[in-house]
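Bear in mind that the values in this text are calculations on the coordinates, not laboratory data. Just so you know, these numbers come straight off a predicted model, no measurement behind them. Here Cβ is always computed from backbone atoms with ideal geometry, including for glycine, and neighbour counts include all displayed protein chains.
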Amino acid sequence: MKLQAGYLFPEISRRIRSFGAENPDAKIISLGIGDVTQPLAPAIVEAMKKAVVDMGSEAAFRGYGPEQGYDFLINAIIENDFNSRNIDLDRSEVFISDGAKCDTGNIQEIFGLNNVIAVTDPVYPVYVDTNVMAGRTGQANKNGQYSKIIYMPCTAENNFIPELPSPAVGRIDIIYLCFPNNPTGAVATKEILSRWVNFARDKRAIILFDAAYEAFITDPKIPHSIYEVEGAKEVAIEFRSFSKTAGFTGIRCAFTIVPKQLQAYTEDGRAVKVNSLWHRRQCTKFNGASYISQAGAAAVYTTEGKKQCRQIIDIYMANAAVIRELLTRLGYDVYGGVNAPYIWMKTPDGLSSWDFFDHLLQKANVVGTPGSGFGPSGEGYLRLSAFAKPDDVKEAMQRIAHSI
Ligand code: MLT
């Protein structure tokens, strides 16, 4: 009941539907929700077909799988995503799931309600709303910000990288970070991540690191995993997803890394292993991602799968370049879109995010995501997603150019 508004993306869909009903001939192009549009890579399709055939055969049929995922996928993840970056992980530290949205939303359940969370502003709304639902916050103020949450503004002035909280803000137990960032497209260097890891170690805080967009990093100096930073395994949980990396928004498969070294502390200072808590929670509430999804996900790591997924990511990043280029040419302040599939643009003439959203919908029939939907520091910005089809992106940009 404390939640301020409907969840952001359904609210946007509602506005699109209402505009579409009044303007049935409008061909609306969505650069709004970050939903993939390219079909699955052929290697994934083949692997899933084979998995379906398995499920229809007496010999290879499978019922419940292991709650934490099949070894064939866990091994492929460890080898390709982590060992290749000199990060060692044990199989028991990888938890396969049906989505990073669920994992980033559910993880707070294993922590006490008195924990104080810190989030960036703007922020992926799931982190905040799930804590409100759990009862960890007070009421919202007129800006939509809840008491008992620490908000860390990310603005053009700080390059959309949150400052370390000053001691004046008091205790912080859980810090949500997302890099490459949704919604701003900002990325964190190793030095920035080290600063956060040291801060968390110092304060006995835990970092919840959402790396759902790591596959879109193009700069070789930017870390893909927080565990590339010394000491991070003691303080960080990392979330990954096949949604954007391999087009799994409709298939559902993701994973979360909870290192064995990671400890949380009870109010009386007793150390507790977070890995065991998450394991216990998942075994109770989750029966694993489907065998077919996991078989598809494992194909992402085959030679063919890697090549094909890379080609698809390149298509999206070429879209991002088209969006950036045109908006820059039109004189907008444009951020992101280089190591991330999101472009974060300043609205023209001081328009509010929702006014600019409405303007683009009505004049160009193009949908973005209002920055203010991600928090007060997002006011005056619009997020454009690069996940649309290339022809649609080009047309959307032409229409935007003519509508302003
Ligand atoms: C977005 O548009 O921010 C994403 O689609 C959200 C998500 O992945 O849940």
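Rounded if a/c is under 1.5, else prolate if a/b beats b/c, else oblate: with a ≥ b ≥ c from the C-alpha gyration tensor eigenvalues square-rooted, which is the chain?
Oblate, since a/c reaches 1.5 and b/c is not below a/b.
What are the semi-axes of the equivalent ellipsoid for region 32-145, taken as the square roots of 5 times the Cα gyration tensor eigenvalues, largest first, in whole Å?
Each semi-axis is √(5λ); the values are 36, 19, 17 Å.
Rounded to the nearest 5, what % of the DSSP beta bridges within region 71-299 are antiparallel ones?
45
Pairs on different chains or at least eight residues apart, Cα atoms closer than 24 Å: how many lysine pairs in region 284-404 fit?
Close lysine pairs under the 24 Å cut-off: 7.
List, in order, the whole-Hz ³J(HN,Hα) value for each residue of region 26-38 obtained from phi through the Karplus relation with A = 6.51, B = -1.76, C = 1.60 and θ = phi - 60°; use x for Gly and Pro.
Couplings: 5, 9, 7, 10, 9, 10, x, 4, x, 10, 5, 10, 7 Hz.
Evaluate the distance, in nm, between pseudo-label points positioned 7 Å from the Cα of F19 and of K221 along their respective Cα→Cβ axes.
Taking the simple label geometry, F19 and K221 are separated by 3.9 nm.
Could you work out how much longer the chain between R280 and D90 gets when fully extended? Use 0.36 nm per residue separation minus the Cα distance between them, nm to one decimal.
Separation in residues times 0.36 nm, less the Cα-Cα distance, equals 66.7 nm.
Mind putting a number on the dipole of region 71-299 about its Cα centre? Charges go on the C-beta only, +1 for Lys and Arg and -1 for Asp and Glu, and I need it in Debye to the nearest 20.
The calculated dipole for region 71-299 is roughly 500 debye.
Please report, in whole Å³, the volume per residue of the convex hull around the C-alpha atoms of region 62-113.
112
Can you work out the Karplus-derived ³J(HN,Hα) for every residue in region 201-215? Use 6.51 cos²θ - 1.76 cosθ + 1.60 with θ = phi - 60°, whole Hz, and x for glycine or proline.
Residue by residue, region 201-215 yields 5, 5, 9, 6, 9, 10, 9, 9, 9, 8, 10, 4, 10, 4, 5 Hz.
Whole-Hz ³J(HN,Hα) for each residue in region 273-284, computed from phi via Karplus 6.51 cos²θ - 1.76 cosθ + 1.60 with θ = phi - 60°, x for glycine and proline: what do you get?
With the stated coefficients, region 273-284 comes to 7, 5, 4, 5, 5, 5, 4, 5, 5, 5, 4, 7 Hz.
For the chain, with the dipole built from +1 on Lys and Arg beta-carbon atoms and -1 on Asp and Glu ones, taken about the Cα centre, which of G65, P39, G368 lies farthest toward the positive end?
The listed residue farthest towards the positive side: G65.
Would you list which lysines come within 20 Å of K142, measuring only between C-alpha atoms, while excluding same-chain residues fewer than 8 positions from it?
Candidates past the 8-residue exclusion: K2.
Within region 40-77, what residues put their amide N at less than 20 Å from the label point 7 Å along the Cα-to-Cβ vector of D314?
Within reach of a label on D314: 40-45.
Counting DSSP beta bridges with both partners in the chain, what percentage is antiparallel, nearest 5?
Antiparallel: roughly 55 percent of the beta bridges in the chain.
With a Cα-only, solvent-free Debye model of region 71-299, what are the log10 I(q)/I(0) values at q = 0.08, 0.09, 0.15, 0.16 Å⁻¹?
-0.27, -0.34, -1.03, -1.18
Along the principal axes of its C-alpha atoms, what lengths does region 99-230 span, in descending order and rounded to whole Å?
Extents along the principal axes, in whole Å: 42, 33, 30.
Label 7 Å along Cα→Cβ of A134; region 73-113 residues with amide nitrogen under 15 Å?
Under cut-off, by backbone N: 101-113.
Can you tell me the order of 353-363, 22-32, 333-343, 237-247 when each peptide is scored by its average per-residue count of other Cβ atoms within 10 angstrom, highest first?
Per-residue Cβ counts within 10 Å, averaged per peptide and sorted highest first, yield 237-247, 333-343, 353-363, 22-32.
Cα gyration tensor of region 247-404, axes a ≥ b ≥ c as square roots of the eigenvalues: rounded (a/c below 1.5), prolate (a/b > b/c) or oblate?
Verdict is oblate for region 247-404.
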